[in-house]
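See below for the structure under consideration.
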């Protein structure tokens, strides 16, 4: 049996006096498509940041690609992170740069600093960038200024950047939060397709439970930093969802 791609062992995290996650233990396996659902403040974004190593837990262990992230030196941590692509809700694109430069940011974990600086003057790896943009449906936007794109197109640029990175797993933090229903479906279809084609693992946080059920194989329900349920999508009932989103008991 394959080893888990991610594993959390009794992980807790707090920000100041706010407890974001409490004693979370779970495994995510290669090829899984996992949705994290729950109300705002349930701990979904915190969990994604723990999985990609940009946040370290106050208690417990986070393992990724067979490594305990808590124990890695910075260079080794960056090596592991290069295999984990993250699409943030804020996208983290540089608006005044052309699309090709934002897409090429997916190479930065492999490029030397001189090569990265050179590419800002004379874009490199044009074929790779064009192929990635073609996969997300906007190859004609290669030289467009990023701020001139629509929200849906910018989301596709962020996905193309992850494709250039060519990671084993894609983590997406509320990737459709600011999109209308039609664009939301396009982006979720695209995420599922990009992971299925290459056998990538997907972990995506969502407010829309419908997309979680239609596009993911497994759903983890979080409330106030604790796992309420973790099961295959078809087994998630209306009652379980009603309980998940109900007001906490006093």
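Throughout, read-outs are computed from the coordinates displayed, never taken from laboratory work. Treat the numbers as computed from the prediction; the structure is a model and nothing was measured. Don't worry about glycine lacking a Cβ; one is built from the backbone with ideal geometry, like all the others, and counts go over all protein chains shown.
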Binned at 5 Å from 0, what are the whole-percent values of the Cα-Cα distance distribution for the range 1-50, short to long? 5, 17, 27, 26, 14, 7, 3, 1, 0
On C-alpha positions alone, give me the angle between the axis of helix 181-198 and the longest principal axis of the chain, in degrees, nearest 10. 80
What helix-only [θ] at 222 nm does the chain give? Using -39500 (n - 2.57) per DSSP H run of at least 4, over all residues, to the nearest 500, the answer is -10000 deg cm²/dmol
Highest GNM mean-square fluctuation, the chain, Cα pairs closer than 10 Å: which of 110, 161, 78? 110
Relative contact order (%) - criterion: Cα under 8 Å, at least six apart; region: the range 135-250: 18
Dividing the mean separation of Cα pairs under 8 Å (6+ apart) by the residue count of the range 25-173 yields a relative contact order in percent of 31
Let me make sure I get this right: for the range 76-127, a, b and c are the square roots of the gyration tensor eigenvalues over alpha carbons, sorted descending. Under 1.5 in a/c it's rounded, otherwise prolate if a/b > b/c, else oblate. Which is it? oblate
Round to the nearest 0.05 the FRET efficiency obtained for residue 237 and residue 126 when R0 = 30 Å and r is the Cβ-Cβ distance. 0.05
With label points built 7 Å along Cα→Cβ from the Cα atoms of residue 19 and residue 3, find their separation and express it in nm. 3.2
In nm², what is the average projected area of the convex hull enclosing the Cα atoms of the range 179-250? 5.6
Per the Kirkwood formula on distinct C-alpha pairs, the Rh of the chain is how many angstrom? 18.8
Just to confirm my numbers, what's the Cα centroid distance between the range 7-23 and the range 126-167 in Å? 35
Given the convex hull of the Cα atoms of the range 52-171, what is a quarter of its surface area in nm²? 7.9
Taking 30 Å as R0, compute the FRET efficiency from the Cβ-Cβ separation of residue 166 and residue 73 and round it to 0.05. 0.80
Taking springs between alpha-carbon atoms closer than 10 angstrom, which of 141, 115, 44 fluctuates most in the Gaussian network model of the chain? 115
So, R0 is 41 Å and r is the distance between the beta-carbons of residue 113 and residue 178; what FRET efficiency does that work out to, to 0.05? 0.80
So if the hydrodynamic radius of the range 128-171 is defined as the Kirkwood radius over C-alpha pairs, what does Stokes-Einstein give as its diffusion coefficient at 37 °C and 0.692 mPa s, in µm² per second? 311
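When only Cα pairs under 8 Å and 6 or more residues apart are kept, what is the percent relative contact order across the chain?
The normalised contact order for the chain reaches 27 percent.
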What is the angle, in °, between the Cα long axis of helix 126-135 and the longest principal axis of the Cα atoms in the chain? Nearest 10 is fine, range 0 to 90. 40
Limiting things to C-alpha atoms, what are the Rg and the maximum Cα-Cα separation (Dmax) for the range 15-110, in angstroms? 15.2, 43
Once the Cα atoms of helix 151-165 and of the chain are each reduced to a long axis, what angle between those two axes, in degrees from 0 to 90 to the nearest 10, is obtained? 80
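Return the inverse of the average 1/r over all pairs of distinct C-alpha atoms in the range 115-202, which is the Kirkwood hydrodynamic radius, in Å to one decimal.
Working: mean 1/r = 0.0725 Å⁻¹.
After inverting the pairwise mean of 1/r, the radius is 13.8 Å.
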